[in-house]
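Laboratory data are not the source of any read-out in this text; all were calculated from the coordinates shown. Just so it is clear, the structure is predicted and the values come from calculations on it, not from any experiment. Here the Cβ is made from the backbone with ideal geometry for all residues, glycine too, and neighbour counts use every protein chain on show.
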Amino acid sequence: MPEDQTIIIGGGPTGLSAAYHLDGDWTLLEGSPHLGGWAKSIVADGFTFDYAGHIIFTNDEYAKALFNLFLGDNIHYQAREAFIYSKNTFTLYPYQGNTFGLPDEVLQENILGAVQAYLKYPEGYKPKHFRDWMDTFGAGIANNFLVPYNKKLWKGVPLEDISVDWLGGRVPQPSVEQIIDGAINIPKKNMGPNAYFGYPLRGGFNAIMDGLVGRLGDSGPLLIDKKVTRVRLRDRVVEVNDGAEEYPFETLINTMSLPQFVNIIDEVPQAVLDAAGKLRWISIQCVNIGIENNRTDKHWIYYPEDDTIFHRIFVQGNASPYCKPHPATSGYTAEISYIPGQRPQDVLGEEGLVQRVIADLELVGLKQPGDAVLHTSIVDMPVAYVVYEEHRKPTVQYIKTWLEDHGIYTAGRFGDWEYYNTDHSLLAGQRVADLVNAHLSEGARTDLKRSAAERVREQMEAAGITTDHADEWAKVAAAHKS
Ligand SMILES: Cc1cc2nc3c(=O)[nH]c(=O)nc-3n(C[C@H](O)[C@H](O)[C@H](O)COP(=O)(O)OP(=O)(O)OC[C@H]3O[C@@H](n4cnc5c(N)ncnc54)[C@H](O)[C@@H]3O)c2cc1C
């Protein structure tokens, strides 16, 4: 193994993308038995379930080119069918723009609140924190949806502790006119950034990772079951599986969770450890249930009320018909957030948790008591959402500066400690590879993003891949459904 090589910790979208964009030698060490990170899927009993609901959407042209390259003909675009279920009623996502159909007293609270908020908050008002931001839609919308839903999701984190810098472009912000229009008129459908989204036709979200791995060829070893447990900075060596093996490195790219990573490095100053100790996150358990009978045509549904253990149900079989064994079945991923270390499975037991989810699916009409259960499984995501607090940005920057001073780069959803989707993670992998390429070529830095983009375009042309297959896939999906 060359001593001047780059070691990549983690085989999720960021680590794999870094490998794809690196010029020099690299070895990727993935701690689990599977590549793909949180962008992977499981296939069981004819169902395909992602690690929590995943869809493809991006505003970045290069990320779009990467998705197209990795998926080729296997990408399938569709209009979002996302709903909120509250007061025994489905309303179209986003709640704040589509409350039509809710009981009269709820509509009255929502409209009155929106008008009062319009009069109260001057144009350009900057909310102090996430809870304050909710009030800008009015007390009705805040109390009937935004507060209960977000308390359920951001379990244990006071909403006043969460900043607003992650919301831009992610959460639709209708005007007061749109709120009132959405309350009194039948919804006109689909606001917001992911109104039209992509999903692999075959293989679940994991197909993106398969395509990426396929493009790596034999440019470096991808080693699974290699959990990095110690970084000996002075020796420039990482230890794997409690010292069972070690790998020398010239440059290290980390994509595992930043606070956990800092804690496995030898000789980290106390101030850096203290900074890492200030970063907070929340965890998710997904309970996958496959049932007989097709009970919904929705892609995903939000559940703000306390009567269900889950805050969201994702239905992969409606994103691609190949995610379920037969049209007359339903596969649900129930997402349940938890305070790190307090898994619902440990409180209720595995079977207890599954039974609770099945009972709640019956409560909300996604399963009828007679529907046979064809599959159950539980997936744990101990680090799922980073918590955006006011100090997050400077804290992360402080840690990164120390790491980079020691030739260590950290990137990705948990390496950068950012609310990244897969597109952002692929781009983070490309960015960190650029930095390492520049570092290794001692300043002979070219416009690597452009050259990488050109490389992708060449590969797409060579493979005969065009960028839009929506029509073809609509036909294939229709044929499979019938
Ligand atoms: C609930 C949820 C819903 C999401 N929905 C979407 C969506 O709809 N669309 C979308 O585009 N994105 C979505 N995402 C985001 C997407 O999953 C992430 O952006 C992406 O997986 C992050 O990639 P990553 O490589 O940075 O990190 P990860 O995916 O976490 O990969 C890190 C890898 O490092 C490995 N690792 C950890 N510790 C070690 C160690 N000590 N040694 C070796 N390896 C280690 C892990 O096993 C993992 O494989 C969602 C994420 C969550 C949590």
**OP:** Work out from phi, with θ = phi - 60° and the Karplus expression 6.51 cos²θ - 1.76 cosθ + 1.60, the ³J(HN,Hα) of each residue of the range 14-31, listed in order in whole Hz, and give x for Gly and Pro.
**Re:** 5, x, 5, 5, 4, 4, 4, 9, 6, 8, x, 6, 8, 10, 9, 10, 10, x
Original post:
Mind listing the phi-derived Karplus ³J(HN,Hα) values for the range 153-167, rounded to whole Hz, using 6.51, -1.76 and 1.60 with θ = phi - 60°, and x for any glycine or proline?
Top reply: 6, 8, 3, x, 9, x, 5, 6, 7, 8, 7, 10, 6, 9, 7
**OP:** Return one number: the angle in degrees, 0 to 90 and rounded to the nearest 10, between the long axis of the Cα atoms of helix 422-440 and the longest principal axis of the Cα atoms of the chain.
**Re:** 20 degrees
**OP:** Report relative contact order for the chain in percent, whole number only (criteria: Cα-Cα under 8 Å, sequence separation at least 6).
**Re:** 25 percent
**OP:** Report, ordered by chain and residue number, the aspartates and glutamates lying within cross-link reach of K188, taken as a straight Cα distance under 15 Å and ignoring same-chain residues fewer than 8 apart.
**Re:** E81, E177
**OP:** Counting helices only, and only those DSSP H runs with n ≥ 4, report the 222 nm mean residue ellipticity of the chain as the sum of -39,500 (n - 2.57) divided by its residues, in deg cm²/dmol to the nearest 500.
**Re:** -10000 deg cm²/dmol
**OP:** Note down the nm distance, to one decimal, between modelled labels 7 Å out along Cα→Cβ at V237 and at Q355.
**Re:** 5.2 nm
Subject >> Nearest-ten-degree value, helix 350-363 long axis tilted from longest Cα axis of the chain >> reply: 40 degrees
Original post:
So between D307 and E246, what do we pick up on full extension, going 0.36 nm a residue minus the alpha carbon distance?
Top reply: 17.0 nm
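Please arrange K400, K188 by counting, for each residue, the other beta carbons lying within 10 Å of its beta carbon, fewest first.
The fewest-first ordering by Cβ neighbours comes to K188, K400.
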**OP:** Calculate the tail of P(r) for the range 255-342: the fraction of all Cα-Cα distances greater than 15 Å, expressed in %.
**Re:** 69 percent
**OP:** Measure nothing fancy, just the Cα-based angle from helix 61-71's long axis to the longest principal axis of the chain, in degrees from 0 to 90, nearest 10.
**Re:** 90 degrees
Original post:
What's the Cα-based Rg to Rh of the range 10-165, Rh via Kirkwood?
Top reply: 1.08
**OP:** Report, by chain and number, residues whose modeled amide H sits under 5 Å from the one on G12, excluding near sequence neighbours (fewer than 5 apart, same chain).
**Re:** G36, G37
Subject >> Bins of 10 Å from zero: percent of alpha-carbon pairs in the chain >> reply: 4, 18, 28, 27, 17, 6, 1
Original post:
Can you pick out the pairs among K126/K152; K152/K400; K64/K87; K87/K298 whose Cα atoms lie more than 28 Å from each other?
Top reply: K152/K400; K64/K87
**OP:** Quickly work out the N143-to-S175 label distance, labels modelled 7 Å from Cα along the C-beta direction, and quote it in nm with one decimal.
**Re:** 2.8 nm
Original post:
Gain in length, V347 to H391, computed as 0.36 nm per residue apart minus the alpha-carbon separation, to one decimal in nm?
Top reply: 12.6 nm
**OP:** With viscosity set to 0.692 mPa s and temperature to 37 °C, compute the Stokes-Einstein D of the range 104-179, Rh being the Kirkwood radius across alpha carbon pairs; µm²/s, no decimals.
**Re:** 255 µm²/s
Subject >> Distance-filtered residues of the range 81-121 - backbone nitrogen under 14 Å, label point 7 angstrom along K188 Cα→Cβ >> reply: 97-98
**OP:** Return the FRET efficiency for the residue pair N88, K120: r is the Cβ-Cβ distance, R0 is 30 Å, and the value is rounded to the nearest 0.05.
**Re:** 0.45
Original post:
Ordered by packing density, taken as the mean number of other Cβ atoms within 10 Å over each peptide's residues, highest first, how do 195-202, 384-391, 423-430, 103-110 rank?
Top reply: 423-430, 195-202, 384-391, 103-110
**OP:** Between E362 and S219, take the C-beta separation as r, use R0 = 60 Å, and let me know the FRET efficiency to the nearest 0.05.
**Re:** 0.75
